[in-house]
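Quick notes on the structure that follows.
Each reported figure results from applying straightforward, stated rules to the coordinates on display, with no laboratory input. Just so it is clear, the model here is predicted, and its values are computed rather than measured. Quick reminder, even Gly has a Cβ in these numbers, built from the backbone with ideal geometry, and neighbours come from all protein chains shown.
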Amino acid sequence: MSQSPLMNRPAEPDVTIFVCLTCRHASEEGVRPGKILFDAVQMRLAGRQDSQVALRGVECLSVCKRPCTVALAGPGKWTYVVGDLDKEASVDDVLEAALKFAATPDGIVPWRERPQSFRKGVISRVPPLSKPLEGA
């Protein structure tokens, strides 16, 4: 009997950080702020081995009026979309929020425990696909 190829795949991450690489303020030129944020988060994650955090750049999160935008998602968890981040100052906030998100069973981090930029910048919260919705 052959072994399934899924048996050898790496464990699913506790959180995936999606960073929009496309959006920018109309007055900005040159490198997009999301790309700068993505590169900085990627560098910080390169030295970490203590959590299951994945990072993905995406071409558009459709939040063009509130650049620099990220989404936090995980299996069986609510997904958060957060905008108006600073491409340089928000790196620690993104990592802190991602680690707190990963540590929850449902992705809901209490408002007071979120980094300041994640308190102000929430654009949406999307329910997980794997759990039935209340009232459905």
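Treating cross-link reach as a plain straight distance, find the lysines whose alpha-carbon is under 29 Å from the alpha-carbon of Lys87, omitting any fewer than eight places away in the same chain.
Result set, ordered by chain and number: Lys35, Lys65, Lys77, Lys100, Lys120.
Between Met43 and Ser130, what is 0.36 nm times their sequence separation minus the Cα-Cα distance? Round to one decimal in nm. Can you show the working numbers first?
Values: separation 87, 0.36 × 87 = 31.32 nm, distance 3.17 nm.
Computed gain between Met43 and Ser130 is 28.1 nm.
For a label point 7 Å from the Cα of Val31 along Cα→C-beta, name the residues of the range 89-113 whose backbone N is under 17 Å from it.
Only 89-92 pass the distance filter.
Sort all Cα-Cα distances of the range 15-126 into consecutive 10 angstrom bins from zero, then give the percent of pairs in each bin up to the one containing the longest distance.
Calculated over all Cα pairs of the range 15-126, the distribution is 15, 52, 29, 4, 0 percent.
Please order Leu45, Leu129, Leu85 by the number of other Cβ within 10 Å, starting at the fewest. Each step should come with its number before you reach the end.
Values: Leu45 17, Leu129 9, Leu85 26.
Arranged by neighbour count, lowest to highest, Leu45, Leu129, Leu85 become Leu129, Leu45, Leu85.
Please report the spacing between the Cα centers of the range 85-127 and the range 32-57 in Å, no decimals.
That distance is 15 Å.
Need one number: nm distance between label points at Leu99 and Cys64, each 7 Å from Cα along Cα→Cβ, rounded to one decimal.
3.6
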